[in-house]
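Asks: Below: one structure in structure tokens.
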Amino acid sequence: TCDTGDQQTTAAVHLKEPAASIVERLKDVATYEGEDAVFECRLSRETAQDAQWFLGDVPLQSNEMNEIRVQGTRHSLILRKVTLEDCGSISFKVGQHSSTA
């Protein structure tokens with residue numbers, strides 16, 4: 001706002017967050033039944049965009065079986081005590097980008 005006493009004008013600033021890209025992709029994990037499986041990827045920048053993990057087509061959330069962590073640009077998924085039913089593709093998606101292992 002600019003105010004001269006008898007006149008005033010106002011403008012606004014709108015910011016768009018630049019899209020993050022995946023710079024370190026997911027790697028396949030082989031482990032034993034009952035152990036944890038850890039998946040990690042790294043983005044080009046810290047982002048507030050919605051990042052989502054999937055097991056097959058099912059979106060994952062943090063709970064007693066899945067731990068989702070974000071530390072700066074590094075995103076991690078820990079599948080706790082995996083079983084044979086956990087076999088399949090793991091995907092990480094952010095914006096228009098995705099990685100699968």
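Asks: Check whether at least one residue in segment 47-60 is touching a Lys or Arg at 6+ places or on another chain (Cβ under 7 Å) and on the phi > 0 side of the Ramachandran plot, and report yes or no.
Replies: No: segment 47-60 contains no residue that is touching a Lys or Arg at 6+ places or on another chain (Cβ under 7 Å) and on the phi > 0 side of the Ramachandran plot.
Asks: Just to be sure before I move on: is Thr4 open to solvent by 70 Å² or more (accessible area, probe 1.4 Å) and touching a strand residue (DSSP E or B) at 6+ places or on another chain (Cβ under 8 Å) in the structure I sent?
Replies: In short, no.
Asks: Sticking with this structure for a sec: Out of segment 63-96, which residues are among the small types (Gly, Ala, Ser) and over 17 Å from Glu33 (Cα atoms)?
Replies: Passing the criteria: Gly72, Ser76, Ser91, Gly95.
Asks: Are there any pairs with C-beta distances below 6 angstrom linking a residue in segment 64-87 that is within 17 Å of Ala101 (Cβ to Cβ) to a residue that is part of a strand (DSSP E or B) and open to solvent by 90 Å² or more (accessible area, probe 1.4 Å), with the two at least 6 apart or on different chains, and if so which?
Replies: Short answer, once both residue conditions are applied: Ser76/Arg69.
Asks: For segment 11-34, what are the residues that are more than 24 Å from Leu79 (Cβ to Cβ) and either in contact with a helix residue (DSSP H, G or I) (Cβ under 9 Å, 6 or more places away or on another chain) or among the acidic types (Asp, Glu) (or both)?
Replies: Listed by number, the list holds a single entry, Glu17.
Asks: Quick one: count up the residues across segment 50-100 that are assigned to a loop (DSSP other than H, G, I, E, B) and surrounded by 14 or more Cβ atoms within 10 Å (Cβ to Cβ).
Replies: Total satisfying the criteria: 6.
Asks: Hey, could you check segment 16-49 for residues that are open to solvent by less than 60 Å² (accessible area, probe 1.4 Å), touching an Asp or Glu at 6+ places or on another chain (Cβ under 8 Å) and of a type outside the set (A, V, I, L, M, F, W, C) and say which is modelled with the highest pLDDT?
Replies: Ranking the qualifying residues of segment 16-49, first place goes to Glu24.
Asks: What pairs come out if I take residues in segment 1-22 that are closer than 30 Å to Arg42 by Cα and pair them with residues that are hydrophobic (A, V, I, L, M, F, W, C) whose C-beta lies under 8 Å away, six or more apart or interchain?
Replies: Glu17/Ala48; Ala20/Leu43; Ala20/Val94; Ser21/Leu43; Ile22/Cys41; Ile22/Leu43; Ile22/Phe92; Ile22/Val94
Asks: Out of the residues in segment 23-49 that are of a type outside the set (A, V, I, L, M) and part of a strand (DSSP E or B), state the one that is nearest to Ala101 (Cα to Cα).
Replies: Phe39
Asks: If you don't mind, another one. Select from segment 27-46 the residues that are small (Gly, Ala, Ser) and in contact (Cβ under 8 Å) with a residue 40 or more places away in the chain and list them in ascending order.
Replies: Residues satisfying the conditions are Gly34, Ala37.
The values are calculated or read from the model by the stated rules, or taken from the named source; none is laboratory data. Quantities reported herein were computed from a predicted structural model and do not represent experimental measurements. Reconstructed Cβ throughout: ideal geometry from the backbone, glycine too, with neighbour counts over all protein chains shown. Accessible surface areas use protein heavy atoms only, side chains included; no ligands, DNA or RNA. Shrake-Rupley method; radii C 1.70, N 1.55, O 1.52, S 1.80 Å.
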